[in-house]
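Q: Please see the structure below; I have some questions.
The values are calculated or read from the model by the stated rules, or taken from the named source; none is laboratory data. As the structure is a computational prediction, the values presented were derived from the model and not from experiment. Neighbour counts are summed over all protein chains in view; Cβ atoms, including those assigned to glycine, are modelled from backbone coordinates with ideal geometry. SASA here: full protein model, heavy atoms, side chains in, ligands and nucleic acids out. Shrake-Rupley method; radii C 1.70, N 1.55, O 1.52, S 1.80 Å.
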Amino acid sequence: MTLKRRNFLKTAGGFAAGLAIAPYACSSGNKTEVASTDSVVTKPFGLQLYSLRDDFPKDPKGVLAKVASYGYKQIESYEGPDGMFWGMTNKEFKAYIDELGMNVVASHCDIDKDFERKAAEAAEIGMNYLICPWRSQETLDGYKQAAADFNAKGEICKSNGIRFAYHNHAYSFTKLEGIYPQDIFMNETDPNLVDFEMDMYWVVTAGEDPVAWCKKQPGRYKLGHVKDRMANTEEREATCTLGTGIIDYASIAPAVKEAGMEYLIVEQERYDGTTPLKSVQDDAEYMKKLSV
């Protein structure tokens, strides 16, 4: 199975018809303020390669070189038709990333197929995480079963010396029978085995506050997807170039880092009026000025 998240999102249930945008989203479409360059604390930031899903598979090495030239130091891969390493062996992929001065810290993958092999290959090249990108369920029992599976996958990762994490969408921050599925994931997984990657766009889209959720269980959200949301729309997929939308990362980023988030990873899935590569370049310039 390849990861076609666009199709997943179109069929996902449990999404509020009217968006109640969280308090950390600005009410206007004005450009998000970032710190002046005089006060910036430079930290490495990453890119989820799914942002370049239309370009990357055609020329993985060429696109990675461009990504490095934009200033990204960390890479989060995803599993496509040629696997997590895009037609290269794990060692070849790692060697090329190293040559570009970057580090491959994680990958999204299909956790239901050959997971033991994937964990071993990731560990062999010093990756930190394998991440489940999607696990929507129809019942609370389904979410409990998924949490149990996360613990099992976490055991496999731990035995290989790496970590397992789950990446959210809006559905886990939308109540089902009065309960947030995310609470089930958080409470029924072992912190020694399972971490979380908070997609802050989807938390805001569900009408929730990313900072409050990070503070609720400090240290469990180790990774975060940084992506902005267009103003004046109730569309689910309404990402835009960082700094042009409504999400106030100038406030969010320092707060989630204080609550234990270690990796800030850019992701963008829509490119109105621009191109994927130009957006990723502009996103990098935003991140360079973001004080964290």
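Q: Please go through the residue pairs Lys94/Lys153; Lys66/Lys289; Lys113/Lys153; Lys144/Lys227; Lys215/Lys257 and name each one whose alpha carbons sit more than 18 Å apart in this structure.
A: Check vs 18 Å cut-off fails for Lys94/Lys153; Lys66/Lys289; Lys144/Lys227.
Q: Further question: Summing Lys, Arg as +1 and Asp, Glu as -1, what charge do residues with Cβ under 14 Å from the Cβ of Gly142 carry, Gly142 excluded?
A: So the environment of Gly142 carries a net charge of -3.
Q: Along the charge dipole of the chain, Cβ charges K/R +1 and D/E -1, which of Ile246, Leu64, Val204 sits furthest on the positive end?
A: Leu64
Q: Across 5 Å bins from 0, what is the distribution of all Cα-Cα pair distances for region 95-221, in whole percents?
A: Cα pair-distance distribution for region 95-221, in percent: 2, 11, 20, 22, 19, 13, 8, 4, 1, 0, 0.
Q: Relative contact order of the chain, please, whole-number percent, based on alpha carbon pairs below 8 angstrom and at least 6 residues apart.
A: Details: 537 pairs, mean separation 77.2, N = 292.
Relative contact order for the chain comes out at 26 percent.
Q: Relative to the present Cα-Cα distance, how much length would full extension add between Glu235 and Asn151 at 0.36 nm per residue of separation?
A: 26.9 nm
Q: Another question, then. Please work out how much accessible surface Ser159 shows to a 1.4 Å probe, ignoring ligands, DNA and RNA, in Å² rounded to 10.
A: 90
Q: Further question: Using the heavy atoms of the protein chains alone and a 1.4 angstrom probe, what is the accessible area of region 61-171 per residue in square angstrom?
A: Value for region 61-171: 38 Å² per residue.
Q: Roughly how large, in nm² to one decimal, is the mean projection of the convex hull of the alpha-carbon atoms in region 178-292?
A: Averaging across all directions leaves 7.6 nm² for the Cα convex hull.
Q: Separate question: Roughly speaking, what is the stretch gain from Ser291 to Asp54, that is 0.36 nm per residue apart minus the C-alpha to C-alpha distance, in nm to one decimal?
A: Length difference between fully extended and current span is 82.3 nm.
Q: On to the next question. Using only helices, what value at 222 nm comes out for the chain when you add -39,500 (n - 2.57) per DSSP H run of length 4 or more and divide by the total residues, to the nearest 500 deg cm²/dmol?
A: Dividing the helical sum by the residues of the chain leaves -10500 deg cm²/dmol.
Q: Would you check the accessible area of Val256, probe 1.4 Å, heavy atoms only, in square angstrom rounded to 10?
A: The accessible area of Val256 comes to roughly 0 Å².
Q: Also: Write down the percent of antiparallel bridges among all DSSP beta bridges whose residues are both part of the chain, to the nearest 5.
A: That works out to approximately 15 percent antiparallel.
Q: Charges only on Cβ, +1 for Lys and Arg, -1 for Asp and Glu: so what's the dipole of the chain about the Cα centre, in debye to the nearest 20?
A: So the dipole magnitude of the chain works out to roughly 280 debye.
Q: For the chain, which semi-axes, largest first and in whole Å, follow from the square roots of 5 times the eigenvalues of its Cα gyration tensor?
A: Square roots of five times the eigenvalues give 26, 25, 18 Å.
Q: Same structure again: In nm², what is the average projected area of the convex hull enclosing the Cα atoms of region 160-201?
A: Its average projected convex-hull area is 3.3 nm².
Q: To continue, here is another question. I'd like the distance separating the alpha-carbon centroids of region 241-292 and region 161-237, in whole Å.
A: Their Cα centres are 17 Å away from one another.
Q: Now a separate question. Just tell me which aspartates and glutamates come within less than 20 Å, Cα to Cα, of Lys216; anything on the same chain fewer than 8 places away is out.
A: In chain and number order, the partners are Asp183, Glu188, Asp190, Asp195, Glu197, Asp199, Glu208, Asp248, Glu258, Glu262.
Q: Which residue fluctuates the most in the chain, going by a Gaussian network model with Cα springs under 10 Å, if the choices are Glu177, Glu235, Glu121?
A: Maximum among the listed residues: Glu177.
Q: Please report the antiparallel percentage of the DSSP beta bridges confined to region 76-178, to the nearest 5.
A: 10
Q: Still on this model: Taking a point 7 angstrom from the Cα of Asp141 along the C-beta vector, which residues in region 176-199 have backbone N less than 16 Å away?
A: What the label zone holds, given the 16 Å backbone N cut-off, is 177.
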